[in-house]
Structure formats: C-alpha cells, structure tokens
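This report refers to the structure that appears directly beneath it.
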Amino acid sequence: MNLLLLVSAGVLCSCGTYLVLGRQLSRVVIGIGLLGHGVNVLLVLSAGTGGIPAFVGGDPDEFSDPLPQAFALTAIVITFGV
C-alpha cells in the first residue's frame, strides 16, 4: 500500500514539474495543482503507520502523529488560495 502511494506521489510530482516547465499558462496551472497533490500524498506518507487516536487513552507511544495531517490540511488550504 505504501509503495503504491509512494509511486503515485512520484508520478504526480514528476508530471507536475513537467507541466510547470511548459510555456502555456493552462499547463502551468494544472502542473501546480499536480505538484500540490503529490506533496500532500508525501505528507500523508510521512505519518507512517496509523496508531490509536489520542483521545481514546492508552500508551502514548502508540498514538498516531497528527502533525503530518495538519501539514496536509494546511497545504490544501494554501493550494485553494493560490
């Protein structure tokens, strides 16, 4: 599963980079969108395996890390702003 997400993030980023380097404005806009989606997938992948939610209780070492999810949500909002 992680390998598939990693490959899809690489494909999205590489296609986005190719489109951004073009001269047509429509391709540049689509390329920026693809780059944003690729980076969001990489941010979600950086969280690692899922853990238990923090509000359930238990061992703090098994909690899921909310920071990559917050980064992904922030990146989505910035992409919409652009």
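Evaluate E = 1/(1 + (r/R0)^6) for residue 8 and residue 59, where r is the Cβ-Cβ distance and R0 equals 30 Å; express this FRET efficiency to the nearest 0.05.
Numbers: r = 32 Å, r/R0 = 1.08.
In this case the efficiency is close to 0.40.
Can you work out the accessible area per residue across the chain, with the rest of the protein chains kept in place, probe 1.4 Å, in square angstrom? It would help to have the intermediate numbers written out before the result.
Details: 6090 Å² over 82 residues.
Each residue of the chain exposes 74 Å² on average to a 1.4 Å probe.
For segment 13-23, just list the computed ³J(HN,Hα) in residue order, Karplus coefficients 6.51, -1.76 and 1.60, θ = phi - 60°, integers in Hz, with x standing in for Gly and Pro.
Per residue, the Karplus-derived 3J(HN,Hα) values read 5, 5, 5, x, 5, 4, 6, 5, 6, x, 9 Hz.
Provide the gained length on full extension for the span residue 32 to residue 17, in nm with one decimal, where the gain is 0.36 nm per separating residue minus the Cα-Cα distance. Show your work: numbers first, answer last.
Working: separation 15, 0.36 × 15 = 5.40 nm, distance 0.80 nm.
Value of the extension gain: 4.6 nm.
Among [x] 20, 14, 11; [y] 32, 14, 6; [z] 23, 16, 10, find the value of semi-axes √(5λ) of the Cα gyration tensor in Å that was calculated from the structure presented, and write down its label.
Answer label, from the structure shown: [y].
Expressed as a whole percentage, what fraction of the accessible surface of the chain belongs to carbon and sulfur atoms when a 1.4 Å probe is rolled over the protein heavy atoms? Walk me through the numbers before you get to the answer.
Numbers: 4370 of 6090 Å².
On the chain, the fraction of accessible area on carbon and sulfur atoms equals 72 percent.
Helix 25-45 against the longest principal axis of the chain: what's the angle in degrees, Cα atoms only, rounded to the nearest 10?
Roughly 20 degrees between the two axes.
Taking amide H positions as placed in the peptide plane 1.01 Å from N, state which residues far from residue 65 in sequence (5 or more) or on other chains have amide H under 5 Å from it.
Those qualifying (amide H under 5 Å, at least 5 residues apart or on another chain) are 51.
How far apart, in nm, are two points set 7 Å out from the Cα along the Cα-to-Cβ line at residue 49 and at residue 70?
Calculated label separation equals 2.5 nm.
The values are calculated or read from the model by the stated rules, or taken from the named source; none is laboratory data. This is a predicted model, so every value here is computed, not measured. Positions of Cβ are generated from backbone atoms using ideal geometry, with glycine treated the same way; all protein chains shown enter the neighbour counts. Heads up: the accessible areas ignore ligands, DNA and RNA and are worked out on the full protein's heavy atoms, side chains in. Shrake-Rupley method; radii C 1.70, N 1.55, O 1.52, S 1.80 Å.
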